[in-house]
1. Can you name every residue in segment 88-100 that is in a helix (DSSP H, G or I) and buried (at least 16 other Cβ atoms within 10 Å of the Cβ)?
2. Is there any pair with a first residue in segment 91-108 that is farther than 15 Å from Leu63 by Cβ and a second that is open to solvent by 50 Å² or more (accessible area, probe 1.4 Å) and not in a helix (DSSP H, G or I) whose Cβ atoms are under 9 Å apart and which are 6 or more apart or on different chains, and what are they?
3. What single numbered condition from (1) of a type in the set (Gly, Ala, Ser); (2) open to solvent by less than 50 Å² (accessible area, probe 1.4 Å); (3) at pLDDT 95 or above fails to hold for Ser148?
4. Does Ala57 satisfy being more than 25 Å from Leu203 (Cβ to Cβ) and of a type in the set (Gly, Ala, Ser)?
5. Might you check whether a residue that is at positive phi and open to solvent by less than 10 Å² (accessible area, probe 1.4 Å) occurs anywhere in segment 103-117?
6. State whether one or more residues within segment 238-251 are open to solvent by less than 30 Å² (accessible area, probe 1.4 Å), among the aliphatic types (A, V, I, L, M) and within 16 Å of ligand 2 (Cβ to nearest atom).
7. Given the condition among the aromatic types (Phe, Trp, Tyr), part of a loop (DSSP other than H, G, I, E, B) and either open to solvent by less than 60 Å² (accessible area, probe 1.4 Å) or in contact with a Ser or Thr (Cβ under 8 Å, 6 or more places away or on another chain) (or both), answer yes or no: does some residue in segment 126-135 qualify?
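The values are calculated or read from the model by the stated rules, or taken from the named source; none is laboratory data. The shown structure was predicted, so the numbers you read here are calculated from the model rather than taken from an experiment. Note: ideal-geometry Cβ built from the backbone for every residue, glycine included; neighbour counts use all protein chains shown. Just so you know, the surface numbers come from the protein's heavy atoms only, side chains and all, with ligands and any DNA or RNA stripped out. Shrake-Rupley method; radii C 1.70, N 1.55, O 1.52, S 1.80 Å.
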Amino acid sequence: MKHMIIVNGLEAPLLRQFGCDCDRCNDSAPQANTSVSLISLGDDGETAHHILFDVGAGVTDSLRRIPYLAGVKARLDWLVLTHWHPDHANDMNRLLVSYRLSQQRWGKKETAVSLYCRTGTADWLQAEKPYPYNNFLQHHLSDENNRSGTVLPPVPIPLDGVTVTPVTVTHYGADRCVDDKTQTCYSCAAYVVETALTKTILLWDLDSENEWIVNPQTDVPQMSGEKTAVALLSNADFLFIDTSNWLSGGKRRTHPCFDNVQRYARALNPRETLLMHLSGHGSERGNAGWGWPNAKWQTEAQKIWAAEKLPGIVRVPFIGEEFEI
Ligand SMILES: [Zn+2]
Ligand SMILES: [Zn+2]
Ligand SMILES: [Zn+2]
């Protein structure tokens, strides 16, 4: 069996903003990439399994352009969510309703799609997206509310040769309880995808307070002597990482700025660092990062990478790009 990660696109850069005239918003092409598909091909070359990580607006259209999922080949076995925010969940209804209709049209047996997410995220989906959440999904929830930097049991996918392990991260805009927003319900996870050949990290939507990544003293020891989160995230082949603004400006941020990305890369030593979720809007007009299109992000990031002698390479992946894993 052959496994690959394919990068999906969204319709807008963190969502394209009404009334904004920056270069990113003025470009109508889909750009932001906080969604990937893990597609497995059988020895006969047929599409045998599909796990979708996050489903923001535009992901359904992005999936339609993946050749392994075209027409009768369309399949969705698992939907795995990092968290409930709209830019990660807003195409859920469109995707699941249209997939059900297509299965019927092709005369296929209707199969429920399995959902994995943290329980905090499931509570938000139940409240905000009850129709797709209740009608199309078989729920597999984490059933915990652990602090950041905890390795959770693997997602129970029945797929030989692939392990998907959630690691908890904080993202303070999302870590609220749906029934009492003053209370903390940890809702966000990063995912580590391991095969016999490669390790891939999907590390997006984490706030500026996940210091355990760079400070082993605050890394959470795991039960029964298993790997710590830092050990699990280290030495990856592909680190897909959230970068929202160029400079933090010393502020508390809901997303990592590029200065934190540098610190994380130095601590985790990935072979390729792939920038996701690029927006720049938080940098405010006139500052570095404001309105930068992907090409500018990549050029500026590569200059820093060379000057600071950071590990491996850094770049911005493109929509539809395939990574053999
Ligand atoms: Zn803009
Ligand atoms: Zn978010
Ligand atoms: Zn997001």
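1. His88, Ala89, Met92, Asn93, Arg94, Leu95, Leu96, Tyr99, Arg100
2. Going by the 9 Å Cβ cut-off, the qualifying pairs are Gln104/Glu110; Lys108/Arg75.
3. (3)
4. Criteria not met by Ala57.
5. Step one: list which residues in segment 103-117 are at positive phi, which gives 107.
With the extra rule that they be open to solvent by less than 10 Å² (accessible area, probe 1.4 Å), the set shrinks to none.
No, the conditions are met nowhere in segment 103-117.
6. Yes: one or more hits.
7. No, segment 126-135 has no match at all.
Each row is one residue, and each column tells you yes or no for (1) on the phi > 0 side of the Ramachandran plot; (2) touching a residue at least 24 places away in the same chain (Cβ under 8 Å); (3) within 16 Å of ligand 2 (Cβ to nearest atom); (4) surrounded by fewer than 17 Cβ atoms within 10 Å (Cβ to Cβ).
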site	(1), (2), (3), (4)
Ile39	no, yes, no, no
His49	no, yes, no, no
Ala70	no, no, no, yes
Thr119	no, yes, no, yes
